[in-house]
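The values are calculated or read from the model by the stated rules, or taken from the named source; none is laboratory data. This is a predicted model, so every value here is computed, not measured. Here the Cβ positions follow ideal geometry from the backbone for every residue, glycine too, while neighbour counts run over all protein chains shown. Accessible surface areas use protein heavy atoms only, side chains included; no ligands, DNA or RNA. Shrake-Rupley method; radii C 1.70, N 1.55, O 1.52, S 1.80 Å.
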Amino acid sequence: MLITRKIEFSASHVCRNPRLSEEENRNLYGGAANPHGHGHNYVVEVSLEGMPDAVTGMVLDLKELKAILNREIVEPYDHRFLNREVPPFDSVVPTTENIAREIWRRLDPHFSNGAARLHAVRVYETADLYVDYFGEPPCSA
Amino acid sequence: MFRVTRRYEFAASHRLDSPALSEEQNRDLYGKCNHPHGHGHNYVIEVSVRGPLDEISGRAVDTARLDELVAREVLGHFHQRNLNAEIAAFSVRVPTSENLAAEVCGRLKAAWHGEFPGKWPQLERVRIAETARNIFEIGADEIE
């Protein structure tokens with residue numbers, strides 16, 4: 001069974017890779033490469049997988065999930081310039097994909113041992129573009 | 001692995017009327033969707049693409065190229081059109097949203113490697129909302 005909690009944060013970003021030329025950045029990211037940045041109302045849906053507890057009837061207490069999401073995502077990300085204020089986006093381009101992966105990395109340790117496991121992180125940059133990240137398959141080694 | 005989804009819209013008219021059924025059977029089956037002069041919808045299409053991250057760009061798909069592909073193969077043909085009269089596939093198949101989803105997905109799949117020649121990104125699914133309440137989804141692997 002999946003349970004999903006939605007949060008929002010508003011932040012600015014700029015998509016530029018310092019390893020690329022000005023022209024390459026323009027071609028790759030278009031307007032998102034404008035050097036002063038721009039912003040979005042990001043919407044994040046975090047889905048957890050698990051079975052309802054026999055006593056509580058819940059996969060996870062949503063109050064607990066809400067507190068984790070606020071602490072790990074909303075507080076550090078909301079009303080910030082991601083590239084300047086929120087590591088690792090000083091060195092990782094804050095594309096929607098990389099934001100989804102970073103949110104996964106922040107959340108995954110909270111759900112590695114409990115009954116509920118992280119299933120997916122969905123990040124809407126706008127209503128017309130969203131990314132789902134499901135983690136990486138475990139190393140076979 | 002990432003799934004990137006892009007949302008598009010087009011406005012089109014259609015009429016549900018199967019040549020295999022009688023007039024009365026069509027009326028019973030399709031109800032108001034069978035009204036003789038047709039009617040329209042603002043269709044919302046989601047195109048989902050799967051792929052690993054390109055570490056230079058930090059992206060799994062170039063959305064500008066995806067937009068071009070969808071505009072060229074789908075929106076340019078379907079927007080502000082009558083599906084029954086102007087889309088060849090619907091002169092033989094009823095333009096239900098099931099058939100529309102298959103048609104859209106088939107067009108994107110057929111043109112995919114011209115736009116994205118590598119192994120990744122891959123077309124994963126097409127989801128069509130005929131109205132906010134009626135939503136249809138098909139996986140690219142369901143299309144031959």
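Among the candidates B:85, B:71, single out the residue that is under 16 Å from residue B:10 (Cα atoms) and not β-branched (Val, Ile, Thr). It would help to see each step written out before you state the result.
Working: B:85 fails: under 16 Å from residue B:10 (Cα atoms).
Testing whether each residue is under 16 Å from residue B:10 (Cα atoms) and not β-branched (Val, Ile, Thr) leaves just B:71.
Please count how many residues of segment B:33-48 are farther than 22 Å from residue B:75 by Cα and surrounded by fewer than 17 Cβ atoms within 10 Å (Cβ to Cβ). Spell out the reasoning first.
Initial filter on segment B:33-48 (farther than 22 Å from residue B:75 by Cα): B:33-37.
If we keep only those that are surrounded by fewer than 17 Cβ atoms within 10 Å (Cβ to Cβ) as well, we get B:35-37.
So the answer is 3.
Do we find that residue A:136 is within 11 Å of chain B (Cβ to nearest Cβ) and at pLDDT below 95 in this structure?
Numbers: within 11 Å of chain B (Cβ to nearest Cβ): yes; at pLDDT below 95: yes.
Judged against the criteria, residue A:136 is a match.
Would you be able to tell me the number of residues in segment B:86-104 that are over 18 Å from residue B:5 (Cα atoms) and either in a helix (DSSP H, G or I) or open to solvent by less than 10 Å² (accessible area, probe 1.4 Å) (or both)? It would help to see each step written out before you state the result.
Start the filter on segment B:86-104 by keeping residues that are over 18 Å from residue B:5 (Cα atoms), which leaves B:86-100, B:103.
Remaining after also requiring either in a helix (DSSP H, G or I) or open to solvent by less than 10 Å² (accessible area, probe 1.4 Å) (or both): B:86-91, B:95, B:97-100, B:103.
Adding up the residues that qualify gives 12.
Provide a single number: the residues in segment A:95-132 that are at the interface with another protein chain (Cβ under 8 Å from one of its Cβ atoms) and touching a residue at least 24 places away in the same chain (Cβ under 8 Å). I'd like the intermediate steps shown before the answer.
At the first step, the residues of segment A:95-132 found to be at the interface with another protein chain (Cβ under 8 Å from one of its Cβ atoms) are A:95-98, A:100-101, A:127-132.
Among the residues that remain, those that are also touching a residue at least 24 places away in the same chain (Cβ under 8 Å) are: A:95-97, A:100-101, A:129-132.
So the count comes out to 9.
Can you pull out the residues in segment B:1-18 that are open to solvent by 30 Å² or more (accessible area, probe 1.4 Å) and within 14 Å of chain A (Cβ to nearest Cβ)?
Scanning segment B:1-18 gives B:1, B:3, B:6, B:7, B:9.
Those residues that are more than 21 Å from residue B:51 (Cβ to Cβ), charged (D, E, K, R) and open to solvent by less than 40 Å² (accessible area, probe 1.4 Å), I need them from segment A:73-124; list them, please.
Selection gives nothing.
Which number in (1) modelled with pLDDT of 95 or more; (2) part of a loop (DSSP other than H, G, I, E, B) marks the one condition that residue B:113 misses?
(2)
Does residue B:120 count as surrounded by fewer than 19 Cβ atoms within 10 Å (Cβ to Cβ), aromatic (Phe, Trp, Tyr) and not in a helix (DSSP H, G or I)?
Working: surrounded by fewer than 19 Cβ atoms within 10 Å (Cβ to Cβ): yes; aromatic (Phe, Trp, Tyr): yes; not in a helix (DSSP H, G or I): yes.
Judged against the criteria, residue B:120 is a match.
Of the numbered conditions (1) acidic (Asp, Glu); (2) away from every other protein chain (no Cβ under 14 Å); (3) open to solvent by less than 90 Å² (accessible area, probe 1.4 Å), residue A:49 satisfies every one except a single condition; which is it?
(3)
Do we find that residue A:29 is of a type in the set (Phe, Trp, Tyr) and either part of a loop (DSSP other than H, G, I, E, B) or more than 17 Å from residue B:58 (Cα to Cα) (or both) in this structure? Steps first, please.
Values: of a type in the set (Phe, Trp, Tyr): yes; either part of a loop (DSSP other than H, G, I, E, B) or more than 17 Å from residue B:58 (Cα to Cα) (or both): no.
Spelling it out, it is not the case that residue A:29 is of a type in the set (Phe, Trp, Tyr) and either part of a loop (DSSP other than H, G, I, E, B) or more than 17 Å from residue B:58 (Cα to Cα) (or both).
State which residue is nearest to residue B:137 (Cα to Cα) when the search covers only segment B:49-77 and only residues that are more than 8 Å from every other protein chain (Cβ to nearest Cβ), open to solvent by 40 Å² or more (accessible area, probe 1.4 Å) and part of a loop (DSSP other than H, G, I, E, B). Steps first, answer last, please.
Restricting attention to segment B:49-77, the residues satisfying the condition of being more than 8 Å from every other protein chain (Cβ to nearest Cβ) are B:49-52, B:54-55, B:61, B:65-77.
So of that shortlist, the ones also open to solvent by 40 Å² or more (accessible area, probe 1.4 Å) come out as B:50, B:52, B:54-55, B:65, B:67-68, B:71-73, B:76-77.
Next, from what is left, pick out any that are part of a loop (DSSP other than H, G, I, E, B): B:52, B:55.
Details: B:52: 23, B:55: 30 Å.
So, considering only residues that are more than 8 Å from every other protein chain (Cβ to nearest Cβ), open to solvent by 40 Å² or more (accessible area, probe 1.4 Å) and part of a loop (DSSP other than H, G, I, E, B), the one nearest to residue B:137 (Cα to Cα) is B:52.
Let me spell it out: the conditions are (1) open to solvent by 70 Å² or more (accessible area, probe 1.4 Å); (2) in a strand (DSSP E or B), and residue A:3 meets all of them except one. Which number is the exception?
So residue A:3 meets the others, but not (1).
Of the numbered conditions (1) small (Gly, Ala, Ser); (2) at pLDDT 95 or above; (3) open to solvent by 30 Å² or more (accessible area, probe 1.4 Å), residue A:57 fails exactly one; give the number of that condition.
Failed condition: (2).
Show the residue pairs meeting these rules: Cβ distance below 7 Å; 6+ apart or different chains; first residue within segment A:8-21 and part of a strand (DSSP E or B); second residue acidic (Asp, Glu).
Listed pairs, sorted by first residue: A:9/A:78; A:10/A:78; A:11/A:78.
Out of segment A:15-40, which residues are open to solvent by 40 Å² or more (accessible area, probe 1.4 Å), small (Gly, Ala, Ser) and more than 14 Å from residue A:81 (Cα to Cα)?
Listed by number, the residues that qualify are A:21, A:31.
Checking the conditions here, which among B:83, B:21 is more than 11 Å from every other protein chain (Cβ to nearest Cβ) and surrounded by fewer than 19 Cβ atoms within 10 Å (Cβ to Cβ)? If you could, list the steps in order and put the result at the bottom.
Values: B:83 fails: surrounded by fewer than 19 Cβ atoms within 10 Å (Cβ to Cβ).
Going through B:83, B:21 in turn, just one is more than 11 Å from every other protein chain (Cβ to nearest Cβ) and surrounded by fewer than 19 Cβ atoms within 10 Å (Cβ to Cβ): B:21.
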